[in-house]
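Down below is the structure, laid out as structure tokens.
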Amino acid sequence: MKLLLAAACALAPLLQDAETEAKTMLERAESLARAERFDEARTLYRQLASKFPSTAAGAVGARRSEPSAFLGWKDLVRAGPSSNRVDVVLMGDGYTLEHMKTFDRLADDVPRLFERQKTFREYGSYLNFARADLVSAENGVDGFGRVYETALGGRVTGTIAGHVGIDRTKVAAMLAEVPDNDDLAVVFVRQGVLGTGGRGIAVVGGTDARTTIHEFGHAFAGLSDEYDAQQVVHPGPVRNGINVSSTPDPTKVPWAHWIAAKNPVVGVYEGGMGKEEVTQFVEDSDCLLMLGCGIGSFVTPNNASILQSVRPQRRGIANGVRSTLQNAGIMVGTALTLGVAMAQLPEDSQRMILGHSGTGLSAFDVALLTRGARYALLMLALCCVSGAVLIAKTCLRPAPPPPA
């Protein structure tokens, strides 16, 4: 018994030294990962796992030596202590060792993306951002009979458009490696399309900025989709949520308190959760008919009147001037009308309308655009009335006396 006790006492310092050395190697490997020296970090993790397999640090090294693994993490924005901040962890899936720096550049830009969005800019001081560096053995997304080995199991979901999804248990395992996190992650899947979000995880296919903000709303705030485009074959009934309701009654929706407070931009709008409701719009054919009647009853007689008021030998010049003024008016009027109609829309929605990006407007954006269009049409109506008054005054002037 004394012999065993003596052996244990002799081994204790050696074990303690091994734990200390293993911990030092682990810290060194993590430092290399933060410096984006991922190849060196992986080599050191393998050495750690081989040299100190029975230590806690050695177990971490073995885990991080897997073909698809967590290599390290780095603070991108530290607005304050985690105890009173929201900690957001950015991750990548499908980024092999040679492409990991590409993900790092993407992650570095995400805080600036949130700063550019009006709502998040207002609350930017409440957000901490960290980057988790994950290596994937392969670059791909599971689906259509193909399976890839990636860090987070990126896959094609069952939606009509094939939105990208991930394995939530793998995300949770990676979050456990990052200290001071709120189980809130934004995952960028390199070969994915569109995105999904909810319960703390926002998944973004590719790098689209609008999708990132959209899916983060699902993940962080539990918001539901505010567009009526159907995403699945059988969507089921509308579920009541923070921002959607099965009733149009403004006194019974979950956000009734905002309406009661007379907030000017909060209301009840039809469409959401992939459900297209019945709305009252003038049919396109009716609009075209009205436009044709207006052009036929005014533009043609007006052009004829202008040309008949000049000498025949000068009608070519008069028609050229008329055509130039008309085209200039169309260009200025279109720009002015669009500017007024879109003035209340967010910048991202304006870019989408102009054809630069995006897949659709939310019901709220449609309501803002409709209200802006009414203001634009009112402005055009006032311009028409003002023009009619000026023309009437001109017509009422006495004709000049004939030349002597």
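Here are a few things to note about the model shown:
- For the stretch 240-246, Karplus couplings with θ = phi - 60° (6.51, -1.76, 1.60), whole Hz, Gly/Pro x: 5, x, 4, 10, 9, 8, 7
- Calculated FRET efficiency, Glu115 to Lys252, Cβ-Cβ distance, R0 = 45 Å: about 0.80 to the nearest 0.05.
- Residues listed by number, the stretch 106-135, amide nitrogen under 20 Å from Glu347 label point at 7 Å toward C-beta: 106-127
- Normalised convex hull volume, the stretch 66-212, alpha-carbon set, Å³ per residue: 103
- Positive-end ranking of Met331, Ala388, Gly372 along the dipole of the stretch 314-396, with charges on Cβ about the Cα centre, is headed by Ala388.
- What separates the Cα centres of the stretch 192-212 and the stretch 301-343 is a distance of 48 Å.
- FRET efficiency estimate (nearest 0.05) - Cβ-Cβ, Leu390 to Asn139, R0 56 angstrom: 0.25
- Amide H contacts of Gly92 (H built 1.01 Å from N, under 5 Å, at least 5 apart or other chain): Leu134, Phe188
- Farthest positive-ward along the stretch 42-158 dipole, Cα basis, beta-carbon charges - from Asn139, His99, Val110: Val110
- For Ala137, residues with placed amide H under 5 Å, excluding near neighbours: Ser68, Ala151
- Taking 0.36 nm per residue of separation and subtracting the current Cα-Cα distance, fully stretching the chain between His99 and Leu378 would add 95.1 nm.
- Computed from backbone phi, the HN-Hα couplings of the stretch 71-83 come to 10, x, 8, 8, 5, 9, 9, 10, 6, x, x, 5, 5 Hz, rounded to whole numbers (Karplus: 6.51 cos²θ - 1.76 cosθ + 1.60, θ = phi - 60°; Gly and Pro given as x).
- Applied to the stretch 175-188, the Karplus parametrisation 6.51 cos²θ - 1.76 cosθ + 1.60 on θ = phi - 60° returns per-residue 3J(HN,Hα) values of 4, 5, 7, 9, x, 6, 10, 9, 6, 10, 9, 10, 10, 9 Hz, with x for Gly and Pro.
- Here the simple spin-label model places points 7 Å from the Cα toward Cβ, and for Asp167 and Gln47 these points are separated by 3.0 nm.
- Amide H to amide H, with H built 1.01 Å from N, Gly195 comes under 5 Å of Val164, Gly205, counting only residues 5 or more places away or on other chains.
- Peptides 249-261, 85-97, 338-350 ranked from most to least packed give 85-97, 338-350, 249-261, packing being the mean of other C-beta atoms within 10 angstrom over each peptide's residues.
We did not get these values from a lab; they are worked out from the coordinates using the rules stated. This is a predicted model, so every value here is computed, not measured. In this analysis, Cβ positions are derived from the backbone assuming ideal geometry, glycine residues included, and neighbour counts consider all displayed protein chains.
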